[in-house]
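Engineer: One structure follows; several queries about it will come next.
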Amino acid sequence: MKRSHALFDIAVLAVYLLAANPALTGIPLHEFLGLGAFIMVAAHVVESGEGLGGRGRVGQLVLNAVLLLALAVCVVSGVMVSGTVLPSLGLYASGYHFWDPLHAVAAKVLLAALLVHLVVRAPAALAVLRQRRGLRAAESDCLMGR
Amino acid sequence: MLKKLVATAVLAALVGAVAMVGFAAAPSTAIQPIAADSPCPAAGCASDACHGFEAVPEPDGAHEMVCPEAGCASTECHGWGSLIERYHQASDMSLNVWILMPVALVLGLWLLVRRMGRGARRTAGEEEACYEA
């Protein structure tokens, strides 16, 4: 993992956390933040394509499947209950009472799975960031020594 | 590169599949352009003076609401409360906060304990070095 990827992942997490709390941001901002978070998460998924799963990594594969499915349900249902993004495009969606409970459940599953993902992956990202910081400290020590 | 393409395809396919399953499960749902006679997606009301999300009227004997379960339209709909209190509103300080708060608390305490432990170790090391000197 590169340092730039680790920093991007932290930014994705920050945007997601903001989008995951509509009670704090208000619904209209939540809708736009949610779309932004989806685009960033999609970029993260594509960038991490190598680590989606494979032989001997069943647990990781299952977790990633749950994450992707919850993300897909959350985004589609979110668009279908949208009261700001869709109308801003001159559109509206019927079926609010079908999609709204789905959106709430998918959001909770996504959050829970994401916390597990975070616990599993954070050490690797922190190691990359720490390694870089260690290198920088060593470099400055060398310069001071001169 | 191939795995990245596969990841992109999987994500796009999942979003498409969820939309298709959803539209199949609830055939009445659709995305349509807003027209003058478009009904409110929650209440089914097609008044040309839409009150918007911020000012849903109290039951007044004139406005009707269509029940999403039974399809019944009534001026005394028992689901009016959910329209006023829940539609287009964050449900509450909800589970997200109840999950995120303890996680933030545990992480914060863990970082604090780590930092304090490191500080204590450093102080002890410096003292030892002084004694040795």
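Engineer: Within 10 Å of each Cβ in A:14-20, how many Cβ atoms from other chains are there, averaged over the peptide?
Structural biologist: 1
Engineer: Work out Dmax and Rg for segment A:66-127 from the C-alpha atoms and quote the Rg first, both in angstrom.
Structural biologist: 15.0, 47
Engineer: Now a separate question. Among B:105-117, A:109-121, how do they line up by average Cβ neighbours within 10 Å per residue, starting with the highest?
Structural biologist: Packing order, densest peptide first, comes out as A:109-121, B:105-117.
Engineer: Sticking with this one: Over the Cα atoms of segment A:1-74, what radius of gyration and what Dmax do you get, in Å?
Structural biologist: For segment A:1-74, the Cα-based Rg and Dmax read 13.7, 43 Å.
Engineer: What net charge do the residues around B:Leu107 carry, taking every other residue with its C-beta under 14 Å from that of B:Leu107, with Lys and Arg at +1 and Asp and Glu at -1?
Structural biologist: +2
Engineer: Let me ask you something else. Specify which residue in the list A:Ala23, A:Val41, A:Leu118 is farthest towards the positive end of the charge dipole of segment A:3-144, using unit charges on the beta carbon of Lys, Arg (+1) and Asp, Glu (-1), about the Cα centre.
Structural biologist: Among A:Ala23, A:Val41, A:Leu118, the one farthest towards the positive end of the dipole of segment A:3-144 is A:Leu118.
Engineer: In Å², nearest 100, what accessible area do chains B and A bury in total when the solvent probe is 1.4 Å?
Structural biologist: 3800
Engineer: Also, I was wondering about something else. Residues of segment A:12-44 with backbone nitrogen within less than 12 Å of a virtual label 7 Å along the Cα-to-Cβ line of B:Ile99, please, listed as ranges.
Structural biologist: Within reach of a label on B:Ile99: A:17, A:20-21.
Engineer: Please work out how much accessible surface B:Thr8 shows to a 1.4 Å probe, ignoring ligands, DNA and RNA, in Å² rounded to 10.
Structural biologist: Spelled out: B:Thr8, probe radius 1.4 Å, area about 60 Å².
Engineer: Also, quick follow-up: Taking the alpha-carbon centroid of each part, what is the distance from segment B:1-33 to segment A:1-40 in angstrom?
Structural biologist: 21
Engineer: Binning at 5 Å from 0, report for segment A:3-144 what percent of all alpha-carbon pair distances ends up in each bin.
Structural biologist: Computed distribution, short to long bins: 2, 9, 15, 20, 16, 12, 9, 7, 4, 3, 2, 1, 0, 0.
Engineer: Where does the charge balance sit around A:Ala37 when Lys and Arg score +1, Asp and Glu -1, over other residues with C-beta under 14 Å from its C-beta?
Structural biologist: Surrounding charge for A:Ala37 is -2.
The values are calculated or read from the model by the stated rules, or taken from the named source; none is laboratory data. None of the values given here were measured: they were computed from a predicted structure. Cβ atoms come from the backbone with ideal geometry, glycine included; neighbour counts cover every protein chain shown. For the accessible areas, the whole protein counts, side chains as well, though only heavy atoms, and no ligand, DNA or RNA atoms are used. Shrake-Rupley method; radii C 1.70, N 1.55, O 1.52, S 1.80 Å.
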